[in-house]
Amino acid sequence: MSILAAPTPAAWVDAACESWREVLIDHANCEKKAASSAIALLFAYPEDQALTSALSRLAREELRHFEQVSQMMRRLDVQFVRQRPGRYAAGLRSALCSHEPSRKLDLMCAYALIEARSCERFALLSARLPAPLDSFYASLQAAEARHFELYLRLAEAAQWGGDPQLPSRLRQLALVEAQLATSPDEQLRFHSGPPLDRCAPV
Ligand SMILES: [Fe+2]
Ligand SMILES: [Fe+2]
């Protein structure tokens, strides 16, 4: 079952397969960010032992992914260049509640959505790109599927009071995420929308 509100457009897949080097560099940054976001949650919720032990393991795994992407970049002779950040993470973050306990639930939902989008895009890329990227992305797809399920379990646990808030909050944030991942974008990034120049004028 996907929690995403809309699938990745074919125009993004076409652009990402053509500009796979640019996407690989951003992917290395995404793995670093995934590790540092998990570590930030360890500091934000130190009293939640289920969360801290699961996310400590996840942070180590994301750093291992970063090392694997770095190795792949060397193998394919892709040089690291600094890229301007895309709109995705900041756009999603701006939709989150700023006060607790809503913020914790929102953070878990947002990370579940990011991991679910990564999982979806690794599957799309592994079906289209040649070796060695096909099997590399397929292996990461399985990891991101586990991560998305973990964040979803943490989101369930982050609910409070009598009424379950998760379904409606997840749906609202999924709509924001889908808009960011599917509407025309100025930059091509791992979580971007399709590039403007590939979108039909409206
Ligand atoms: Fe990862
Ligand atoms: Fe992940």
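Does any residue of the range 37-57 turn out to be away from ligand 2 (no atom under 16 Å from the Cβ) and basic (K, R)?
No - not one qualifying residue is present in the range 37-57.
Restricting attention to the range 95-122, report how many residues are more than 14 Å from ligand 2 (Cβ to nearest atom) and closer than 19 Å to L4 by Cβ.
To start, the set of residues in the range 95-122 that are more than 14 Å from ligand 2 (Cβ to nearest atom) comprises 95-107, 109.
Filter once more, so that each one left must be closer than 19 Å to L4 by Cβ: 95-96, 105-107, 109.
Adding up the residues that qualify gives 6.
Would it be correct to say that A15 is more than 16 Å from ligand 1 (Cβ to nearest atom), open to solvent by less than 20 Å² (accessible area, probe 1.4 Å), of a type in the set (A, V, I, L, M, F, W, C) and in contact with a Pro (Cβ under 8 Å, 6 or more places away or on another chain)?
Answer is yes for this residue.
How many residues does the range 18-51 contain that are farther than 15 Å from H147 by Cβ, open to solvent by 20 Å² or more (accessible area, probe 1.4 Å) and aliphatic (A, V, I, L, M)?
4
If we scan the range 143-160, do we find a residue that is without any contact (Cβ under 8 Å) to a residue 12 or more places away in the chain and among the aliphatic types (A, V, I, L, M)?
no
Select, from V176, V202, the only residue that is aliphatic (A, V, I, L, M), modelled with pLDDT under 95 and open to solvent by 30 Å² or more (accessible area, probe 1.4 Å).
Of V176, V202, the one residue that is aliphatic (A, V, I, L, M), modelled with pLDDT under 95 and open to solvent by 30 Å² or more (accessible area, probe 1.4 Å) is V202.
Which residues, counting only those in the range 1-23, are among the hydroxyl-bearing types (S, T, Y) and in contact with a Ser or Thr (Cβ under 8 Å, 6 or more places away or on another chain)?
T8 - this is the single residue of the range 1-23 that is among the hydroxyl-bearing types (S, T, Y) and in contact with a Ser or Thr (Cβ under 8 Å, 6 or more places away or on another chain).
Enumerate the pairs (first residue in the range 181-198 and charged (D, E, K, R); second residue anywhere and outside any loop (DSSP other than H, G, I, E, B)) with beta-carbon separation below 7 Å, excluding pairs fewer than 6 apart on the same chain, so at least 6 apart or on different chains.
Pairs that qualify, where the first residue is charged (D, E, K, R) and the partner is outside any loop (DSSP other than H, G, I, E, B), are D185/P195; D185/L196; E186/L196; R189/D26; R189/Y88; R198/A11; R198/D14; R198/A15.
The values are calculated or read from the model by the stated rules, or taken from the named source; none is laboratory data. No experiment lies behind these values; they were computed from the predicted model shown. Glycine also receives a Cβ, built like all others from the backbone with ideal geometry; neighbour counts cover every protein chain displayed. For accessibility, only protein heavy atoms count, side chains too; no ligands or nucleic acids. Shrake-Rupley method; radii C 1.70, N 1.55, O 1.52, S 1.80 Å.
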